[in-house]
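*Asks:* Below is one structure. I have some questions about it.
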């Protein structure tokens, strides 16, 4: 979220909370308008957890993703653990793809 938010702002030094708020705009646009409404398919949202992320930031992104009509949200540790850090995401994707 922070990276996308900073890109939208065109400000690489924007504070984390501002970057997340702007990144969520991008997430909501894709989740609500494009995926769930236009294509009418389930949308699983995932994000990598980084060492610098705060728990309240992660919780905010989960809340906003679900409110934006995501079918599920998974926080992964892929950045730190590689494929081992994405086990729950893989399970969620497999579950949601069965119904498509």
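Throughout, read-outs are computed from the coordinates displayed, never taken from laboratory work. Remember, predicted model here, so these are calculated numbers, not experimental data.
*Asks:* Show that you can apply the helix-only estimate: for the chain, add -39,500 (n - 2.57) for every DSSP H stretch of four or more residues, divide by all residues, and state [θ] at 222 nm to the nearest 500.
*Replies:* When only DSSP H runs of four or more count, the value is -14500 deg cm²/dmol.
*Asks:* While we're here: Under 10 Å, Cα contacts only: if you run a Gaussian network model on the chain, which one of 29, 51, 80 comes out with the highest mean-square fluctuation?
*Replies:* In the Gaussian network model the winner is 51.
*Asks:* How long are the three semi-axes of the equivalent ellipsoid of the chain, in whole Å, if each is the root of 5 times an eigenvalue of the C-alpha gyration tensor, listed from largest down?
*Replies:* Equivalent ellipsoid of the chain: 23, 18, 10 Å, largest first.
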